[in-house]
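As structure tokens, the structure follows; a few thoughts come after it.
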Amino acid sequence: MHGAEFFETVYEVDQSPIGKTSRSTPATYIKVFDEIRNLYAQLPVSRVRGYTNARFSFNTEGGRCETCKGQGVIKMEMSFLPSSYVPCEDCGGRRYSPQTLEVLYNDKSIGDVMDMTLEQAAGFFGANQKIARPLGLLVDTGLGYLKLGQPSPTLSGGEAQRLKLVTELTRGVGRAQNERIRKMRKPKSTLYLLEEPTIGLHMADVELLLKVLHRLVDEGNTVIVIEHNLSVIAEADYIVDIGPEAGADGGEIVASGTPEEVAKNRISRTAPFLRAALNVGGALVPRLSRGKSRH
Ligand SMILES: [Zn+2]
């Protein structure tokens, strides 16, 4: 294999769920919840009472509501019927004990914070970049309506996929900010593999996905997408068109090059459609500005 030395890691991004229990939420997945808990632990009331950041976890004993074990909901097992969830009567769905909820940051308890949307929280924690920055990235990619405490299993495949990609972006931010590591060695990039990421996505979501992919490329990474969606193909820096037919009659490289070059190919079945997508007004999604690509 040629050129593999440029990559530090390979990461396959799919639409599989990011968590199987309601203990996983967008806030815990993107690690921003750790910072929020630290912030609450540093408040004067917490210091006087000896509350550490563990107190503000809903996954461990100490500060959570023990009736619902920090889930905010109680599972109702009913014979002959699928089990359903009802809000916990003790905490009113807020996951924490009354004492924990007495600790307020700008008049809001940690339970109130979990009930905020990502967009609301990005504004609320605007003074703290460690929290606001990752949340802002999620808002930029159209996930601002998700709640911090929303159970991850309730996310759609497309939402889970974008949350994974943005989490990667926030890791990159952390790496770039670490001056010492940057001086020690030349940063390498990640190779991202996506197989038909647009399956099940609405047109508006495809556009948001493309924005995240461009950002990953702008930060020096490489993205390889296996895709039939012309909006995505037209956004690529380089296309490898495999065909000429499907299945057993395919498997050959029919054309390769920039979208403009492949569009001119006379054998490629994709070319006529690509020409239409590249034409002004013919594109399904207006072409976004191209990011700079290193590979
Ligand atoms: Zn409860």
Checking residue 181 against (1) outside any loop (DSSP other than H, G, I, E, B); (2) closer than 20 Å to residue 215 by Cβ; (3) at pLDDT below 90, the condition it does not meet: (2)
Give just the number: which of (1) within 16 Å of the ligand (Cβ to nearest atom); (2) open to solvent by less than 50 Å² (accessible area, probe 1.4 Å); (3) among the small types (Gly, Ala, Ser) does residue 92 not satisfy? (2)
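Name every residue in the range 13-46 that is within 16 Å of the ligand (Cβ to nearest atom) and open to solvent by less than 10 Å² (accessible area, probe 1.4 Å), in order of residue number. Give the steps one after another, and end with the answer.
So the first thing to find is which residues in the range 13-46 are within 16 Å of the ligand (Cβ to nearest atom), and the list is 21-23, 25.
Of everything in the range 13-46, just one residue is within 16 Å of the ligand (Cβ to nearest atom) and open to solvent by less than 10 Å² (accessible area, probe 1.4 Å), namely 25.
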Would you tally the residues in the range 211-226 being crowded, with 19+ Cβ neighbours inside 10 Å and either without any contact (Cβ under 8 Å) to a residue 40 or more places away in the chain or hydroxyl-bearing (Ser, Thr, Tyr) (or both)? 3
Can you spot a residue in the range 53-72 that is more than 28 Å from the chain's Cα centre (by Cα), away from the ligand (no atom under 12 Å from the Cβ) and among the charged types (D, E, K, R)? yes
Which of the residues that make up the range 126-148 are open to solvent by 10 Å² or more (accessible area, probe 1.4 Å), among the small types (Gly, Ala, Ser) and either closer than 21 Å to residue 71 by Cα or outside any helix (DSSP H, G or I) (or both)? 126, 127, 142
Selection within the range 242-274 - closer than 23 Å to residue 203 by Cβ and either of a type in the set (Val, Ile, Thr) or crowded, with 17+ Cβ neighbours inside 10 Å (or both): 259, 262, 263, 270, 271, 274
Residue 78 passes all but one of the listed conditions (1) surrounded by fewer than 19 Cβ atoms within 10 Å (Cβ to Cβ); (2) under 18 Å from residue 22 (Cβ atoms); (3) not charged (D, E, K, R); the exception is number (2)
Taking the stated definitions as given, is residue 146 touching a Ser or Thr at 6+ places or on another chain (Cβ under 8 Å) and among the hydrophobic types (A, V, I, L, M, F, W, C)? yes
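I'm trying to understand the selection: among the residues of the range 104-141, which are among the aliphatic types (A, V, I, L, M) and either under 16 Å from residue 41 (Cα atoms) or in contact (Cβ under 8 Å) with a residue 24 or more places away in the chain (or both)? Lay out the reasoning, then the answer.
Of the residues in the range 104-141, the ones among the aliphatic types (A, V, I, L, M) are 104, 110, 113-114, 116, 118, 121-122, 127, 131-132, 135, 137-139.
Across the range 104-141, the qualifying residues are 104, 110, 113, 114, 116, 118, 121, 131, 135, 137, 138.
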For the range 275-295, enumerate the residues that are open to solvent by 80 Å² or more (accessible area, probe 1.4 Å), within 19 Å of residue 224 (Cα to Cα) and modelled with pLDDT of 50 or more. 287
Quick check on residue 6: is it in contact with a His (Cβ under 8 Å, 6 or more places away or on another chain) and of a type in the set (A, V, I, L, M, F, W, C)? yes
One residue from 49, 55 being touching a Lys or Arg at 6+ places or on another chain (Cβ under 9 Å), open to solvent by 60 Å² or more (accessible area, probe 1.4 Å) and basic (Lys, Arg): 49
Output the number of residues of the range 23-38 satisfying the condition of being touching a residue at least 40 places away in the same chain (Cβ under 8 Å) and more than 13 Å from residue 148 (Cβ to Cβ). 1
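The values are calculated or read from the model by the stated rules, or taken from the named source; none is laboratory data. This is a predicted model, so every value here is computed, not measured. Neighbour counts are summed over all protein chains in view; Cβ atoms, including those assigned to glycine, are modelled from backbone coordinates with ideal geometry. Please note that ligands, DNA and RNA were not included when accessible areas were found on the heavy atoms of the full protein model with its side chains. Shrake-Rupley method; radii C 1.70, N 1.55, O 1.52, S 1.80 Å.
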